[in-house]
1. Packing-wise, with mean Cβ within 10 Å as the measure, how do 83-95, 223-235 rank, highest first?
2. Please calculate how many Å² of accessible area the stretch 99-176 carries per residue, with a 1.4 Å probe and no DNA, RNA or ligand atoms counted.
3. Mind checking the angle between helix 206-217 and the chain's longest principal axis? C-alpha axes, 0 to 90 degrees, to the nearest 10.
4. To check you understand DSSP bridge types, tell me what percent of the beta bridges within the stretch 92-241 (both residues inside) are antiparallel, rounded to 5.
5. Round to the nearest 0.05 the FRET efficiency obtained for Val223 and Arg163 when R0 = 22 Å and r is the Cβ-Cβ distance.
6. Solvent-accessible area per residue for the stretch 190-232 at a 1.4 Å probe radius, Å²?
7. Setting aside same-chain residues fewer than 8 positions from Lys156, which lysines have a Cα under 28 Å from its Cα?
8. Each label point is 7 Å from the Cα along the Cα-to-Cβ direction; what then is the distance between the points at Thr203 and Ser121, in nm?
Amino acid sequence: MLITGAGSGIGRSVTRRMLAAGWNVVLAGRREEQLRQSASAYPHALVVPTDITDSSAVERLFAAGIERFGKIDVLFNNAGVFGCAATIGELSAQQWQDVCAVNLNGTMFCAGAAFRHMQESGGGRIINNGSISAHVPRPASVAYAVTKHAVTGLTKSIELDGRPYGISCSQIDIGNAASEMMQDVGATSGALQADGSRKVEPTFDMELASATVEFIATAPAEVSINNVTITAAGMPYIGRG
């Protein structure tokens, strides 16, 4: 299994869960020390510091994982950034490009490398980390919302194009897992709501989201799990708040 964004948050949680379950895991991310902390000295972990916005670096990442473990059966395409809080009228070109570079380009580069490998190795599963923002945006989050909507299109395209090769693609949309990213949307000060107010929203244990990723990763090849949404109970998502 190859996990991007493995140095923190849901990526670290999934990494530790899969390593504890005996999986060979390739850990990718920008910060080597944090990746090594996630690996927790497991002998079947391979740390490969990688900038996923660089397509050549992504190719080297997959080559390193394949050389070490022979094949990669599952990609958890997890790395992502929230970016700054801004409406489309406030967002600068650079701020837009910074979010797209990770959430869109990096996700696509990793999925493409995984797809090509899985074509040759007899199939596999790609799991894209979407977001509930792939369905319902937060205020002032245009770059994040647009890129996460794009991930949904990518997931469906991979699932369709992967059929002849035994490649399945799933998307997990997580709402308010208690992770570092929640700090960016006001976990303590209150998240901006559609009516302009701020509300401290409920969160849930990140381990439950990790268990869901494990469930998808361990599903038999004849099962395709297209989309799973997991949120904190009572968070403002379903209906009007």
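The values are calculated or read from the model by the stated rules, or taken from the named source; none is laboratory data. In this text the structure is predicted, and so the values were computed from the model without any measurement. Note that we place each Cβ from the backbone using ideal geometry, even for glycine, and neighbour counts take in every protein chain shown. Side chains are part of the model used for accessible areas, which takes the heavy atoms of the whole protein and leaves out ligands, DNA and RNA. Shrake-Rupley method; radii C 1.70, N 1.55, O 1.52, S 1.80 Å.
1. In descending order of packing, they fall as 223-235, 83-95.
2. With the other protein chains kept in place, the stretch 99-176 gives 34 Å² per residue.
3. The two axes meet at around 40 degrees.
4. Roughly 15 percent of the beta bridges in the stretch 92-241 run antiparallel, per DSSP.
5. 0.95
6. Value returned for the stretch 190-232: 54 Å² of accessible area per residue.
7. Within the straight-line limit of under 28 Å, Lys156 reaches these lysines: Lys71, Lys148.
8. Spacing of the two 7 Å Cα→Cβ label points: 3.4 nm.
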